[in-house]
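A.B. asks: The structure's right below; bear with me while I get my questions together.
The values are calculated or read from the model by the stated rules, or taken from the named source; none is laboratory data. What you see is a predicted model, and the numbers here were worked out from it, not measured in a lab. Here the Cβ is made from the backbone with ideal geometry for all residues, glycine too, and neighbour counts use every protein chain on show.
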Amino acid sequence: MLKISELIGMKIKHAELGNTEHKVDDVVFREDNTSISYLIYHVDTMKNDKGRPLNDGLINKAGTWVTGMNDSNLPSAGMIDEQDFSAAQKDTYYVPWPEIEKMEEETVIYKGSERQKSLDVSGTSWQSYKGLKVIHPDGKDLGEITDGVLNVNSGKIEGWIVTGGFWKQLMGEGTKTIQLDGKPNWAAQEWRLQSEPETLMQKQ
């Protein structure tokens, strides 16, 4: 088992390209079952004195792997126009969870021939889940989601870590995880439970 907070910040590299300084910045969950569909990391593309992006030893090698543009219309790696950039640009890459080969020594190693710049399936990022309020069926504020426990073999969340609110009074001291039923209400920024928390705790 691995906490999402432990996964964020881990180094990530392609099995065939060797060491990089890139790190996992976020994860994307499927909307139907809260399993991980992608890991996200960013690559800085900075200008040199000719206005061209610097080659970090990995960006240009991956140029032929890019499979489209993201919603922010950032240029593909190695294809930035010659112009004067006043600040660093960032390319966002999505690594499909099935392409993860292994995790060792705080490094995620992935295989395959793609570093995607767009999502094939819809999903929601961890940054959207983090801080989401969890509401008791009777309306009490149980607290907020502060972490998740990941099954690295299946990519599924085994439980969410909730802190603050009525949670400590209800569940006592110590860190506990809970399976959340129902679905988040993104407009209200809350996840209202349909069952009693004690029942959901017993399902783990």
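A.B. asks: Just give me the residues in region 1-25 being touching a residue at least 24 places away in the same chain (Cβ under 8 Å) and touching a His at 6+ places or on another chain (Cβ under 9 Å), in sequence order.
C.D. replies: Residues satisfying the conditions are LYS11, ILE12, LYS13, THR20, HIS22.
A.B. asks: Another question, then. Which one of GLY148, GLY164 is at pLDDT below 90, among the small types (Gly, Ala, Ser), surrounded by 13 or more Cβ atoms within 10 Å (Cβ to Cβ) and outside the structural domain of LYS23 (by TED's automatic domain parsing)?
C.D. replies: On the way: GLY148 fails: at pLDDT below 90.
When all the criteria are applied, what remains is GLY164.
A.B. asks: Going through LYS47, LYS61, LYS3 one at a time, which residue ends up being modelled with pLDDT of 90 or more and either exposed (fewer than 12 other Cβ atoms within 10 Å of the Cβ) or not hydroxyl-bearing (Ser, Thr, Tyr) (or both)?
C.D. replies: Details: LYS47 fails: modelled with pLDDT of 90 or more; LYS61 fails: modelled with pLDDT of 90 or more.
Testing whether each residue is modelled with pLDDT of 90 or more and either exposed (fewer than 12 other Cβ atoms within 10 Å of the Cβ) or not hydroxyl-bearing (Ser, Thr, Tyr) (or both) leaves just LYS3.
A.B. asks: Restricting to region 135-151, what's the tally of residues that are closer than 20 Å to ASP32 by Cβ and touching a helix residue (DSSP H, G or I) at 6+ places or on another chain (Cβ under 9 Å)? It would help to see each step written out before you state the result.
C.D. replies: As a first pass, look at region 135-151 and keep what is closer than 20 Å to ASP32 by Cβ: 145, 148-151.
Filter again for touching a helix residue (DSSP H, G or I) at 6+ places or on another chain (Cβ under 9 Å), leaving 145, 148-150.
Result for region 135-151: 4.
A.B. asks: Could you check region 177-202 and list, in sequence order, the residues that are modelled with pLDDT under 85 and crowded, with 17+ Cβ neighbours inside 10 Å?
C.D. replies: Across region 177-202, the qualifying residues are THR177, ILE178, PRO197, LEU200.
A.B. asks: Applying the selection to region 107-145, what residues are over 21 Å from TRP186 (Cβ atoms) and either at pLDDT 90 or above or surrounded by 15 or more Cβ atoms within 10 Å (Cβ to Cβ) (or both)?
C.D. replies: Result: THR107, VAL108, ILE109, TYR110, GLY112, GLU114, ARG115, GLN116, LYS117.
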